[in-house]
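Presented below is the structure to which this report refers.
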Amino acid sequence: MPLTASPARRPRLRFDRNELAGAFGDLGTDLPLLIGVIAASGLDSAGVLVMFGLMQLFSGLWYGMPMPVQPLKAFAALVIAQKIPGRVIFGGGLAVGVGMLLLSVTGLIDGLARLVPKPVIRGIQFGLALQLSTLALKQYVPADGLPGYTLAAAAFLITVVLLGNRRWPAALVVLALGVSYGLFFKLDLASAQRAIGVHLPPLRIPQWPDILTGAVLLALPQIPLSLGNSVLATRQVVQDYFPERALTVRKISFTYALMNLVNPFLGGFPVCHGSGGMVGHYTFGGRTGGSVIIYGGLFLVLGLFFSQGFQQIVQIFPLPILGVLLFFEALSLAALLRDISDARAHLLLALLTGILCAGLPYGYLVGLTVGTALYYAMQRGWVGLGK
């Protein structure tokens, strides 16, 4: 049974206040990663922002639902931690694109989708919820000290009261609060004026040594997370929220691959789809591709006209507000567990998988592998996780 009722006919694109509110449902995940990789690697910010925006537009138009695009998380974490140079990033992104394309065109991705059971997919989503909520509560909410806590508390109360309100979408009211706070307390007019200027993405040609190095350093650690969250868990969220749309894992992996076959040549950071992003857009009002297109338009404007001062501009917006948005995205992800809550063994397996994903190095590979193995062992009566 789907988790939410869906009309038989839903428009593919709509542009209204709810789509606008939903457009910011994934901002708390994407913005810090993009800032981090630009700062750590010296990537051209125009290329990163413009291509990220264009990929959102592509996804919104292709799917006609809130199927957003996100930076590759494991990939980004390695880039930030090891300060990997841009040429290796682009080579690794191309390697990821080729790998996912092979999985798609050969049909191997379909076999994987049949192999991995639903409780494990729910566990992967729960693991992502744990990571997002930890990030929100430990890093974002405390970022501005006591004023930040006060701001976050106000944003939390607004969201609790207005979440699901179609007339006054919660995200828009919270964002208005954040923008007002940033303009009043943080705006530096001189820095803002220096940031304005037209910039286009640079042309890049990845070289074979960089492709091979990127494949080993970046693509291999990323692919397990991509298979679990970007493809399998995203398809499950589509089934939950849009049961009338028969979307296959092969189609999701194909557009994932296509984006990363284009991105490296124009300075874009490697990207994926993601279950958390779709849940974030949906939670705050997005129901069509319109929310993703609006979101992409924001990054296009930033990349084309404000890329040289990108880091200074985003510092105006208070992190505690992003933390609240991210926290509610995490809650919505965790709530997806409810459709297996009646089966104790399945619920325990999902919780175990999620904790492994969130708590271990290469956790999504470990969680996917251990969770799937335990599921089939339970089916054969070899192990038990409860009755």
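The values are calculated or read from the model by the stated rules, or taken from the named source; none is laboratory data. If you're wondering where the values come from, they're calculated on a predicted model, not measured in any experiment. Neighbour counts run over all protein chains shown; Cβ positions are idealised from the backbone, glycine included. Keep in mind that these areas ignore ligands, DNA and RNA; they rest on the heavy atoms of the full protein, side chains included. Shrake-Rupley method; radii C 1.70, N 1.55, O 1.52, S 1.80 Å.
Data table
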| read-out | value |
| --- | --- |
| Where Arg167, Arg235, Arg250, Arg17 fall by accessible area, highest first, once all protein chains stay in place (1.4 Å) | Arg167, Arg17, Arg250, Arg235 |
| Area accessible to solvent at Phe15, 1.4 Å probe radius, in Å² | 120 Å² |
| Karplus-derived 3J(HN,Hα), 6.51/-1.76/1.60, for each residue of the stretch 118-134, Hz, glycine and proline x | 4, x, 6, 5, 4, x, 4, 5, 5, x, 5, 4, 4, 5, 5, 5, 5 |
| Exposure of Val98 as accessible area (Å², to 10), given a probe of 1.4 Å and all protein chains | 70 Å² |
| Solvent exposure ordering (accessible area, 1.4 Å, most first) of Tyr362, Tyr256, Tyr282 | Tyr362, Tyr282, Tyr256 |
| The chain, relative contact order [Cα under 8 Å, separation at least 6], % | 39 percent |
| Karplus 3J(HN,Hα) series, Hz, for the stretch 278-294 with 6.51 cos²θ - 1.76 cosθ + 1.60 (x for Gly, Pro) | 5, 4, x, 4, 5, 4, 9, x, x, 10, 9, x, x, 5, 6, 5, 4 |
| Theoretical ellipticity at 222 nm over the chain - DSSP helices of four or more residues, -39500 (n - 2.57) apiece, nearest 500 | -20500 deg cm²/dmol |
| Per-pair calculated FRET efficiency, R0 = 25 Å: Ala335 and Lys251 via Cβ, rounded to 0.05 | 0.45 |
| Computed over the stretch 15-164, the ratio Rg/Rh where both radii use C-alpha atoms and Rh is Kirkwood | 0.99 |
| Karplus 3J(HN,Hα) series, Hz, for the stretch 256-269 with 6.51 cos²θ - 1.76 cosθ + 1.60 (x for Gly, Pro) | 4, 5, 4, 4, 7, 7, 9, 3, x, 7, 10, x, x, 7 |
| Ordering of 129-139, 57-67 by packing [mean C-beta count within 10 Å, highest first] | 57-67, 129-139 |
| Solvent exposure ordering (accessible area, 1.4 Å, most first) of Ile121, Ile196 | Ile196, Ile121 |
| For the stretch 281-331, the fraction of alpha-carbon pairs in successive 5 Å shells from zero, as % | 5, 17, 17, 21, 24, 14, 3 |
| Normalised alpha carbon radius of gyration of the stretch 254-387 [divisor 2.2 N^0.38 Å] | 1.39 |
| Amide hydrogen neighbours beyond the local backbone of Val271, cut-off 5 Å, H modeled | Leu72 |
| The stretch 304-382: trypsin sites (Lys or Arg not before Pro) in DSSP loop, at most 12 other beta carbons within 10 Å | Arg380 |
| Amide H partners (placed H, <5 Å) of Gly64, local residues excluded | Gly289 |
| Cα Rg, Dmax, the stretch 37-121, angstrom units | 15.5, 41 |
| Nearest-10 value in Å² for the accessible area of Phe317, using the 1.4 Å probe | 40 Å² |
| Within the accessible area of the chain (1.4 Å probe), percent carbon and sulfur | 68 percent |
